[in-house]
Amino acid sequence: MSSIGVASERAAFAGSVRNPRLEPALERAGIDPRRIRLGAFPMNAVQETKLDWDPYNPDYFRDPHSVFARLREEAPLYHNERYGFYAVSRYADVERCMGDWETFSSARGDILEMIQANFPVPRGSFIHHDPPLHTAYRKVLTRVFTPKRMAALEPQIRQFCARSLDPLVESGEFDFIANLGAEMPMRVIGMLLGIPEEDQVAIRERVDANLRTEQGKPMDYSKTTKMGEGFEGYIDWRVSHPSDDLMTALLAVEFEDETGAARRLTRDEILVIVNIIAGAGNETTNRLIGWTGKLLAEHPDQRRQIHQDRSLIPQAIEEILRYEPPGPAVARYVTRDVEFHGSTVPAGSALVALVAAANRDERKFPNGGQFDIHRKRLPHLTFGYGFHNCLGNALARVEGRIALDEILNRFPEWDVDLDRGYLSSTSTVRGWETLPAYTPKAREGRRNRGPVAETSMATGPTSPPAPEPAPAGAERWHVTLQTPMGPQEMTLHLVRDGDTVTGRIDSPMGSEALKNGKIAGNTLTWIMEVKKPMSVKLSFEVQVQGERMTGHAKLGVFGKARLEGQRLAG
Amino acid sequence: MPKITYIEFNGRKHIVDAAPGLSVMECAKQNGVPGIDADCGGGCSCGTCHVYVDPPWQARVGGRNAIEDATIEFASGVEANSRLSCQIKLTDDLDGLVVRLPESQR
Ligand code: HEM
């Protein structure tokens, strides 16, 4: 799945009332505008009659499939006027979008918000290039990601699983995400890229420390899947310390670029490529592991069969991938007028290809709505199709299969606690961020102990974390960030203490703590890691002048966003 | 019914009757020919059903399509006569077809 990107803030904002003129009034009235979600009003609620698929309405996150079924039957070419996109949901149509890059281009991104924002794609971000540029990069990488090479990673992947799961056998209580999904894929990518294990741990520990400082808030496990920072250092280090990893291969490879010239990759290209791979290969596989836990808990009979006959694992993983694809949709830019079902999609449109809908299309999969590991094997579209089909599909398959095997080795049976689980749906992935599970024995233990004091991971089923009171003594600032997605407004709480600054930023996406905050004269710097709708690190640098601040935030590889802020009273 | 011969990398031959309409990949799966994994189930997207078409058959079988060309990069040891077997539909015309399996799919 695609990968990096500034969070499509618009996506997250779209679900809330965004009216800058109204907000001060609401605040004065003691109403937090973030708490008012359009979902509370009938116009946006899931309606039975009028077919309206709002990708940003959280009411659909748990079950998008019923509206997808209606789209397939009633509106195979769906036009959402409010957000200005088209969507196709039938298998044949989704396949067609992915197979014809000349009509359905990736060059403006493969995520709806990215296409709509039309900001420049960095070179080497090959998931967002069309042939021949795409082909040049892709060829370099495909050789590294062959099924054979990926299968050879099996012993290490098993070891990673064992390391994550062994300590949990005794208690019989575990979390599919925190304990496995957030760990194993990260380690595998780290190993592929050649990031020394000690450093992976250092990254891990820093992330864990962040989690500890946020005690009392829901734990944000997804942060542990991010390794974006620090790659620059590894690239330079690898130049002088070649090894047999992907980074070394990328440094050494001679390839023919789209102009036909033979050359090496530049440092910037390598950085972009490495970020794409880390971004595309972590969260998706993490979600696959979560869906494995959920679906097999719901189908204990099929789980029992797999436990007894492990040769069923590959087809079980395929069925999980079909049934709940970690990346439910991709998007394309339409380069010329094109017809679907008698209607024209005009050139210049953004078109969403609903993989999750196509995967249950009865025209392709009889009884598509049923989870059945024994169904006739037909190709699902979870890894895409055609030129951009998932580079990591062999790796993801190996990881998924081994994870299931190793889980069954230790936990033949488990229940999942969906009420304590947390499901999110972003522009790129949909799945569990927290999925607590326990064995029948552990459940007995819990009963005997009485109600367990819930850990901080407990959140409502799909409710976002409740905002906390502002930190004591905090300055409040109203900040506008000019992102490629349009202006985003947020409230900044700052606590200055000597040469450090702490605090947090509240936006309708939720609250994020400032990290690494430093003060030098009038200049404040900090970083902030957002996870929705995609994991991205923002580095802020602002100058404070009395009641005003100006500066910028660096948005991963997507350049800088200008920032302006006004201090709020009180 | 066309007869297809699959030759494993180790030289072992499998001669099977193919129902027209199936792909060379599906026919191998149905008849338990080892070495054709077809992870993606025939979607031309994983590169694990790579075969070498025996040269005398190349012209009749035809070359790779554009998507196949992109996907076959996943396979190792790609040659001019390499095809993804999920993309070869069997017809009576292909009666007697011989394909060899690559070393990477042992
Ligand atoms: C279950 C796990 C995964 C899922 C569901 C998934 C899904 C996808 C999909 C749907 C695409 C096509 C996007 C498009 O057409 O716009 C894609 C592309 C890609 N995936 Fe994955 N992926 C997974 C795991 C991985 C892993 C483990 C890696 C790398 C180690 C990876 C790397 C990539 C890359 C680099 C691309 C871009 C390929 C290109 O544009 O040529 N993915 N993935």
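The values are calculated or read from the model by the stated rules, or taken from the named source; none is laboratory data. Note that the structure is a prediction, hence the values are computed from the model and not measured. Virtual Cβ from ideal backbone geometry, glycine too; neighbours counted across all protein chains shown. Heads up: the accessible areas ignore ligands, DNA and RNA and are worked out on the full protein's heavy atoms, side chains in. Shrake-Rupley method; radii C 1.70, N 1.55, O 1.52, S 1.80 Å.
Numerical summary
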| item | result |
| --- | --- |
| Amide H contacts under 5 Å for A:Gly551, placed H, 5+ residues apart | A:Gln543, A:Leu563 |
| Interface residues, region B:26-45 - accessible area loss of 30 Å² or more versus chain alone, probe 1.4 Å | B:Asp39, B:Cys40, B:Gly41, B:Gly43, B:Ser45 |
| For region A:267-285 and region A:399-415, distance of Cα centres in Å | 27 Å |
| FRET efficiency, A:Arg82 to A:Leu568 (Cβ-Cβ, R0 25 Å, nearest 0.05) | 0.20 |
| Under the Karplus curve 6.51 cos²θ - 1.76 cosθ + 1.60, θ = phi - 60°, whole-Hz ³J(HN,Hα) for region B:72-82, x wherever Gly or Pro sits | 5, 4, 5, 7, 9, x, 6, 10, 4, 9, 6 |
| Cα-centred dipole magnitude for region B:3-105, charges only on beta-carbon of K, R (+1) and D, E (-1), debye, nearest 20 | 180 debye |
| Estimated distance in nm for a label pair at B:Asp69 and A:Asp236, the labels positioned 7 Å out from Cα along Cα-to-Cβ | 4.2 nm |
| Karplus 3J(HN,Hα) series, Hz, for region A:110-121 with 6.51 cos²θ - 1.76 cosθ + 1.60 (x for Gly, Pro) | 10, 10, 3, 5, 5, 4, 5, 7, 6, 9, x, 8 |
| For region A:369-387, residues shielded by at least 30 square angstrom of accessible area compared with the chain on its own, probe 1.4 Å | A:Arg377, A:Pro379, A:Tyr385, A:Phe387 |
| Size of the A/B contact, given as accessible area buried on both chains, probe 1.4 Å, in Å² | 1600 Å² |
| Which of A:Lys554, A:Lys376 is most accessible, then next, and so on - probe 1.4 Å | A:Lys376, A:Lys554 |
| Fraction of alpha-carbon pairs over 18 Å apart in region A:102-173 - percent | 62 percent |
| Gap separating the Cα centres of region A:502-521 and region B:1-78, nearest whole Å | 56 Å |
| Long-range tail of P(r) for region A:289-362 (Cα pairs > 15 Å, %) | 66 percent |
| Protein-only accessible surface order, largest first, of A:Tyr91, A:Tyr333 at 1.4 Å | A:Tyr333, A:Tyr91 |
| Inter-label distance, nm, simple model (7 Å from Cα along the C-beta direction), A:Asp301/A:Ala262 | 6.1 nm |
| Solvent-accessible surface (1.4 angstrom probe) belonging to A:Tyr438, in square angstrom, nearest 10 | 30 Å² |
| Top positive-direction residue, dipole computed over region B:3-105 with Cβ charges, set B:Ala19, B:Asn65, B:Gly42 | B:Ala19 |
| Rounded D (µm²/s) - region A:231-379, Kirkwood Rh over Cα pairs, Stokes-Einstein at 25 °C, 0.890 mPa s | 126 µm²/s |
| Computed accessible area, A:Cys97, all protein chains, 1.4 angstrom probe, square angstrom | 0 Å² |
| Extension gain from A:Thr500 to A:Val169, taking 0.36 nm per residue of separation minus the Cα-Cα distance | 114.9 nm |
| At least 30 Å² accessible surface lost relative to isolated chain, residues of region A:113-155 (1.4 Å probe) | A:Lys139, A:Thr142, A:Thr146, A:Pro147, A:Lys148 |
| For A:Glu433, distant residues with modelled amide H under 5 Å away | A:Tyr422, A:Leu423, A:Ser424 |
| Taking N as its residue count, the alpha carbon Rg of region B:3-105 over 2.2 N^0.38 Å | 0.93 |
| Amide proton proximity set for A:Val330, modelled H, under 5 Å, gap of 5+ | A:Ala353, A:Val355 |
| Solvent-accessible ranking of A:Glu81, A:Glu258, largest area first, probe 1.4 Å | A:Glu81, A:Glu258 |
| Accessible surface of A:Ile195 - all protein chains present, 1.4 Å probe, nearest 10 Å² | 10 Å² |
| Efficiency of FRET between A:Glu102 and A:Lys441 - r from beta-carbon atoms, R0 60 angstrom, step 0.05 | 0.55 |
| Gain in span if fully extended, A:Lys515 to A:Lys139, counting 0.36 nm per residue against the direct Cα distance | 131.5 nm |
| Among the listed pairs B:Lys3/B:Lys89; A:Lys294/A:Lys376; A:Lys376/A:Lys441; A:Lys515/A:Lys554, those beyond 25 Å (Cα-Cα) | A:Lys376/A:Lys441 |
| Peptide-level mean, for A:254-264, of C-beta atoms on other protein chains within 10 Å | 0 |
| Net dipole in debye of region A:97-142 [+1 Lys, Arg Cβ; -1 Asp, Glu Cβ; about Cα centre; nearest 20] | 240 debye |
| Derived scalar couplings ³J(HN,Hα) [region A:246-255; Karplus, 6.51 cos²θ - 1.76 cosθ + 1.60; whole Hz; x for Gly, Pro] | 5, 4, 4, 4, 5, 5, 8, 5, 9, 9 |
| Inter-centroid distance (Cα atoms) of region A:101-169 relative to region A:320-374, Å | 20 Å |
| Anisotropy class of region A:243-327 from Cα gyration tensor, a/c 1.5 cut | prolate |
